[in-house]
Number of protein chains: 2
Amino acid sequence: MTKFEVTILGCGSAMPTTLHNPPSQLVDVNEKLFMIDCGEGTQLQMRKYKARMSKLHSIFISHLHGDHIFGLPGLISTLSLLGRTGDLNIYAHKEIELLLKPLIRYLGHNLSFKINLIPIQPDGLQLIYENKSLRVHSFLLKHRMDTNGFLFEEKESPRHIIREMIDFYQIPVKQIQRIKAGDDFVTAEGNVIKNNILTYPSAPPRRYAYCSDTAFNPAIVSYISGVDVLYHEATFADSETARAKETFHSTARQAAVIAKEAGVKKLVIGHFSSRYNEMQHLLLEAQEEFPQTELAYEGMVIEL
Amino acid sequence: MTKFEVTILGCGSAMPTTLHNPPSQLVDVNEKLFMIDCGEGTQLQMRKYKARMSKLHSIFISHLHGDHIFGLPGLISTLSLLGRTGDLNIYAHKEIELLLKPLIRYLGHNLSFKINLIPIQPDGLQLIYENKSLRVHSFLLKHRMDTNGFLFEEKESPRHIIREMIDFYQIPVKQIQRIKAGDDFVTAEGNVIKNNILTYPSAPPRRYAYCSDTAFNPAIVSYISGVDVLYHEATFADSETARAKETFHSTARQAAVIAKEAGVKKLVIGHFSSRYNEMQHLLLEAQEEFPQTELAYEGMVIEL
């Protein structure tokens with residue numbers, strides 16, 4: 001099975017603490033690294049957790065609050081010092097131009113590679129990236145400014161052909177691709193061998209959803225229904241439910257309600273407020289609603 | 001004696017490593033914090049080493065390479081989240097406007113305090129800041145772009161009056177300030193008591209100099225002559241002397257030659273290239289020229 005794993009580089013919130021770095025994570029799909037958000041110090045966290053800079057493919061920014069973007073200048077400079085040549089695509093709200101264009105102009109012709117700023121429409125499910133094995137969608141969250149969640153999903157793989165059946169029915173090589181795609185096989189005698197006798201289904205496509213920052217928002221349930229892992233912000237504990245509403249953030253319990261309603265397999269909560277010195281009570285409150293909850297931490301690797 | 005100490009927050013160079021953070025340090029003079037340079041992650045380092053954000057008075061930027069400034073956006077945001085109200089003065093080359101103005105515009109009226117960008121003339125010794133106990137001068141270094149070193153010096157304190165002499169000669173309270181300033185005392189009988197019988201000198205003013213980034217440049221010796229502590233960049237070892245020249249950086253040995261020629265009391269070397277996993281050979285090369293050399297490290301506190 002190809003690699004599909006998420007590394008948490010930072011799961012703090014607006015104010016960094018000694019416990020948590022600002023938001024950033026890496027989604028490694030088949031040896032390509034896709035970054036989600038890039039808070040200050042992200043390049044330092046990449047070094048710390050031995051993420052290969054050369055594998056960084058593109059960057060997805062949820063929204064333009066500083067804690068999600070202030071690591072971009074340093075990361076861009078370092079990639080250039082390392083001699084990157086391939087374009088770097090940054091998917092973000094179109095206003096990122098206001099913040100990054102002056103920097104890009106300043107670094108100017110010294111940059112070793114081209115940066116493409118690709119605007120994300122703040123709207124329902126939008127396909128924003130696709131390659132032969134992966135699709136990335138954005139979808140609208142509910143925050144103080146336009147903010148997008150992201151859904152990473154593998155494409156469906158062809159069915160696996162059963163080796164013994166190839167020999168038994170003497171299936172010609174040139175027909176194998178079509179059988180994997182679902183065709184039946186017709187023998188030289190004219191017998192039709194049903195596809196489900198010849199093949200078995202590949203593993204179901206894996207899906208990862210990122211929802212941060214956002215108020216409690218059941219409207220997203222349809223987008224993330226049944227995902228293998230949901231990362232959902234849980235800035236506050238129950239005791240700060242009013243504050244969560246006011247600042248368009250979620251409590252741990254609200255994150256868990258979303259996970260339950262969406263029927264996800266696992267919930268990872270993060271984006272912890274700097275007021276908390278330990279997160280155990282957030283975990284307990286979330287697990288009351290959805291037992292398959294884990295706390296994010298810097299360096300956490302989630303295998304899908 | 002009032003506090004005068006330097007905390008090293010980062011002593012790496014252009015590319016951060018797991019060993020060293022990008023350049024930044026705090027000069028604490030009498031409970032006011034003056035920051036020199038602000039590489040990415042500086043606010044995280046302040047938290048780590050328990051530096052009080054509320055004591056941050058102003059920021060001095062040596063030059064506009066990313067590793068010396070990319071921590072500013074995050075630090076500014078955090079100061080605002082903390083509700084700072086006092087102006088923040090940032091002393092830097094005038095082109096910092098190109099980089100910071102778009103950010104300040106973007107953060108806009110949400111900033112809780114005013115930022116003053118105060119241009120430094122790239123020239124010889126310039127007085128750029130002064131309060132009742134401290135003067136800060138900038139002076140030109142020799143780098144690939146306009147770069148300034150900084151000299152922090154205490155002002156001379158008044159002489160100390162000897163308590164027993166006040167009693168013995170029955171010196172009136174209102175004359176004490178003038179005697180501290182150097183006046184003699186005339187008794188009721190008309191006898192002149194010389195000032196040096198009544199007072200002893202206060203400790204000599206302490207001085208700290210910061211020279212980074214710079215090529216080997218003996219022209220700075222006159223500015224930093226006899227300082228208590230010189231922080232001088234030492235990006236490279238002897239084996240990279242050619243590379244140092246080419247990139248307008250110094251070797252550890254060159255830093256030590258400057259310290260020797262300037263007759264400083266102590267040299268601290270930093271701004272280490274990311275190519276080095278240990279710095280001991282840099283220290284040894286420097287100590288061959290100037291034995292009173294120490295290696296900087298993150299969290300180092302230098303008392304003057």
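Taken together, the values in this text are just the output of simple stated rules run on the coordinates, not laboratory data. Just so you know, these numbers come straight off a predicted model, no measurement behind them. Don't worry about glycine lacking a Cβ; one is built from the backbone with ideal geometry, like all the others, and counts go over all protein chains shown.
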inquiry  = Taking R0 as 25 Å, what FRET efficiency do you get between B:K194 and B:D167 from their Cβ-Cβ distance, rounded to the nearest 0.05?
reply    = 0.90
key: Selected from B:G86, B:G226, B:G41 as most flexible by GNM, with chain B as the system and alpha-carbon contacts under 10 Å   = B:G86
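Given the convex hull of the Cα atoms of the protein assembly as shown, what is a quarter of its surface area in nm²?
36.6
Quick one: which of A:K245/B:K48; A:K94/B:K114; A:K94/A:K114 span more than 23 angstrom between C-alpha atoms? Intermediate results must be reported in sequence, preceding the final value.
Values: A:K245/B:K48 31 Å; A:K94/B:K114 27 Å; A:K94/A:K114 17 Å.
Going by Cα-Cα distance, A:K245/B:K48; A:K94/B:K114 fall outside the 23 Å limit.
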inquiry  = For a quick check: with amide H placed at 1.01 Å from N, whose amide H comes under 5 Å from B:H160's, ignoring anything fewer than 5 positions away on the same chain?
reply    = B:Y200, B:S202
query = Can you give the Kirkwood hydrodynamic radius for segment A:160-200, in Å, rounded to one decimal and based on Cα pairs?
reply = 9.9
remark   = Quick calc: nm separation of the 7 Å Cα→Cβ label points for A:L125 and B:Q175 -> 9.3
inquiry  = Rounded to the nearest 20 debye, what is the charge dipole size of segment B:160-277 about its Cα centre when +1 sits on each Lys and Arg Cβ and -1 on each Asp and Glu Cβ?
reply    = 120
query = Where does the charge balance sit around A:R84 when Lys and Arg score +1, Asp and Glu -1, over other residues with C-beta under 15 Å from its C-beta?
reply = +3
request  = Please give the length that would be gained between B:K50 and B:E5 if that part of the chain were fully extended, namely 0.36 nm times their separation in residues minus their C-alpha to C-alpha distance (nm, one decimal).
outcome  = 14.8 nm
remark   = Taking the label point 7 Å from Cα along the Cα-Cβ vector, the copy-to-copy distances for A:R243, listed from shortest in nm with one decimal, are 4.9
message = If I model a spin label at B:N277 and B:F113 as a point 7 Å from the Cα along the Cα→Cβ vector, what separation in nanometres do I get?
response = 4.2
request  = Could you work out the mean projected area of the convex hull around the alpha carbons of segment A:1-153, in square nanometres to one decimal?
outcome  = 9.2
query = If the cut-off is 18 Å between C-alpha atoms, which lysines fall inside it for B:K32, apart from same-chain ones fewer than 8 positions away?
reply = B:K3, B:K50, B:K55, B:K132, B:K155
ask   = Given label points at 7 Å from Cα along Cα→Cβ, what nm distances, shortest first, separate B:D183 from the same residue in every other copy?
value = 11.1
request  = Would you work out the charge dipole size for the protein assembly as shown about its Cα centre, treating the Cβ of every Lys and Arg as +1 and the Cβ of every Asp and Glu as -1, and quote it to the nearest 20 debye?
outcome  = 580
message = What distance in nm separates the two pseudo spin-label positions at B:T85 and B:E246, each 7 Å out from Cα along the beta-carbon direction?
response = 5.5
request  = May I ask you to report, in nm to one decimal and beginning with the shortest, the distances from A:D87 to the same position in the other copies, taking label points 7 Å along Cα-to-Cβ?
outcome  = 4.6
inquiry  = Helix-only mean residue ellipticity at 222 nm, the protein assembly as shown, DSSP H runs n ≥ 4 weighted -39,500 (n - 2.57), per residue, nearest 500. What is it?
reply    = -7000 deg cm²/dmol
remark   = Taking the dipole of the protein assembly as shown about the Cα centre (Lys, Arg +1; Asp, Glu -1; charges at Cβ), the one of A:M279, A:I224, B:I61 that reaches farthest to the positive side is B:I61
request  = Compare the Cα positions of A:I36, A:L79, B:I115 along the charge dipole of the protein assembly as shown (+1 at Cβ of Lys, Arg; -1 at Cβ of Asp, Glu; about the Cα centre) and return the one farthest towards the positive end.
outcome  = B:I115
